[in-house]
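Worksheet for the structure shown next.
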């Protein structure tokens, strides 16, 4: 499994309510996306924002974070986001009451 952390700044003064509406409008684009296990939208202090994505493979993630995606993000949020990738060798899922290892 691969976790990708995407980070960007929203325009100064963006409220949580405004961010939520923007995020909700894009959420359908990620439903059923090949290789995406889960996505969390993030919004923090100073209008910092982003997403935490759990992917089955790096190849699946790379199919999404293209130049076209970067251009869309710049149009929508005013900047090109950064993307960091992490191997996720062990996952604790308290909702499912399980711990899984990527090698399983």
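The values are calculated or read from the model by the stated rules, or taken from the named source; none is laboratory data. Model, not experiment: these values are computed from the prediction. When we count neighbours, we look across all protein chains shown, and the Cβ atoms used for this are built from the backbone with ideal geometry, even at glycine.
Residue 39 fulfils the conditions (1) exposed (fewer than 13 other Cβ atoms within 10 Å of the Cβ); (2) assigned to a strand (DSSP E or B) except for a single criterion, (1).
Each residue in the range 32-67 was checked for being farther than 9 Å from residue 4 by Cβ and either in contact (Cβ under 8 Å) with a residue 60 or more places away in the chain or out of contact with any helix residue (DSSP H, G or I) (no Cβ under 7 Å at 6 or more places or on another chain) (or both), and 20 pass.
Modelled with pLDDT of 95 or more, assigned to a helix (DSSP H, G or I), surrounded by 14 or more Cβ atoms within 10 Å (Cβ to Cβ) and at negative phi, is that true of residue 4? Answer is no for this residue. Could you please find all residues in the range 30-49 being under 12 Å from the mean Cα position of the chain (by Cα) and more than 19 Å from residue 85 (Cβ to Cβ)? Result: 43, single match. As a summary of the residue check, residue 65 satisfies the conditions (1) in a loop (DSSP other than H, G, I, E, B); (2) surrounded by fewer than 16 Cβ atoms within 10 Å (Cβ to Cβ); (3) in contact with a strand residue (DSSP E or B) (Cβ under 8 Å, 6 or more places away or on another chain) except for the one numbered (2). Of the residues making up the range 7-16, not a single one is part of a helix (DSSP H, G or I), out of contact with any helix residue (DSSP H, G or I) (no Cβ under 9 Å at 6 or more places or on another chain) and crowded, with 17+ Cβ neighbours inside 10 Å.
Residues checked against (1) at pLDDT 95 or above; (2) out of contact with any strand residue (DSSP E or B) (no Cβ under 7 Å at 6 or more places or on another chain); (3) closer than 21 Å to residue 10 by Cβ; (4) part of a strand (DSSP E or B):
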position	(1), (2), (3), (4)
52	yes, no, yes, yes
79	no, no, yes, no
83	yes, no, yes, yes
91	no, no, no, yes
